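Worksheet: the structure to be examined is printed underneath.
Where a number appears in this text, it was derived from the coordinates with a stated rule and is not lab data. These numbers come from a predicted model, not from an experiment. Methodologically, a virtual Cβ is constructed for each residue, glycine included, from the backbone with ideal geometry; neighbour enumeration extends over all protein chains shown.
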Amino acid sequence: DAKTTQPTSMDCAEGRAANLPCNHSTISGNEYVYWYRQIHSQGPQYIIHGLKNNETNEMASLIITEDRKSSTLILPHATLRDTAVYYCIVRVADSNYQLIWGAGTKLIIKP
Amino acid sequence: GAVVSQHPSRVICKSGTSVKIECRSLDFQATTMFWYRQFPKKSLMLMATSNEGSKATYEQGVEKDKFLINHASLTLSTLTVTSAHPEDSSFYICSAALRGYTDTQYFGPGTRLTVL
């Protein structure tokens, strides 16, 4: 079973920041938080990952709470092309550990 | 960087034929590759883990004789669906682990298989 909880769906206005929450209350000390997204009929796209510090890259920012039991993915200026299913996954940072996919959050960006 | 390609992107075949899908890491070497399948409106399901130069590890319920996986080099893994049937119609996706501090997986664009 997936070890994360995400809202089923969210809407966001184009140009605004999209904030996607994720709960992972049972996360272990050696597990990272990964975010991927999947646009319809495409393979998943890696977005960002982090352990305990906040992370930022060209796509998004990842905010992890101090107790690491939840996190938020922030898309700073959402565009229509950001409409996708977003997956929050916790995983030990080793390729021997598989990604466990939940249902994700369907994010719809509205004009 | 970290680009993974798949070929073909779409294939239609007759029942009973075999189909080969290629997965390549274009700009990095991947000692571990993964094969997933995805049914409409469902999440990805891991089929097998493939390590270069060794036999693939299949998930429970996945027939290893039906889904043949070969990982002959650090940049190429293939999935062959043998004697395909309509129930094998699905979206097949590969990923490759970029070996490093966190072994992040990068995904290919997927292959849509339709068996008539």
**Asked** What is the ratio of the Cα radius of gyration of the protein assembly as shown to 2.2 N^0.38 Å, where N is its residue count, to two decimals?
**Response** 1.03
**Message:** Residue by residue through B:43-56, how many Cβ atoms from other chains fall within 10 Å of the Cβ on average?
**Reply:** 2
**For the protein assembly as shown, with +1 on Lys and Arg beta carbons and -1 on Asp and Glu, the positive-most of B:Gly61, A:Val90, B:Thr104 along the dipole** = B:Gly61
**Cross-link partners of B:Lys55 among lysines (Cα-Cα below 22 Å; sequence separation of 8 or more within a chain)** = B:Lys20, B:Lys64, B:Lys66
**Complete:** Filtering chymotrypsin sites (Phe, Trp or Tyr not before Pro) in segment B:61-101 by DSSP loop and by at most 12 other Cβ atoms within 10 Å leaves B:Tyr101
**Contact order relative to length of chain B, as percent, for alpha carbon pairs under 8 angstrom and 6 or more apart** = 36
**Message:** When a/c reaches 1.5 or more, the comparison of a/b and b/c decides; with that in mind, is segment A:42-111 rounded, prolate or oblate per its Cα gyration tensor?
**Reply:** oblate
**Fill in**
Loop-resident GluC sites (Glu not before Pro) in segment B:21-64 with no more than 12 other Cβ atoms inside 10 Å, DSSP not H/G/I/E/B, are B:Glu63
**Asked** Over chain B, what is the percentage of antiparallel beta bridges among all DSSP beta bridges, to the nearest 5?
**Response** 90
**Request:** Taking trypsin sites (Lys or Arg not before Pro) as candidate sites, keep only those in a DSSP loop with at most 16 other Cβ atoms within 10 Å, then name the longest stretch of chain B containing none of them.
**Result:** B:67-98
**Complete:** Expected vector for segment B:81-95, Karplus 3J(HN,Hα) from phi with 6.51, -1.76, 1.60 and θ = phi - 60°, integer Hz, x for Gly and Pro, equals 8, 8, 6, 5, 10, x, 5, 7, 4, 5, 9, 9, 10, 10, 9
**Prompt:** For chain A, what proportion of DSSP beta bridges, expressed in % and rounded to the nearest 5, is antiparallel?
**Reply:** 85
**Message:** Restricting to Cα pairs below 8 Å that are 6+ residues apart, what does the relative contact order work out to for segment A:2-99? Please round to a whole percent.
**Reply:** 35
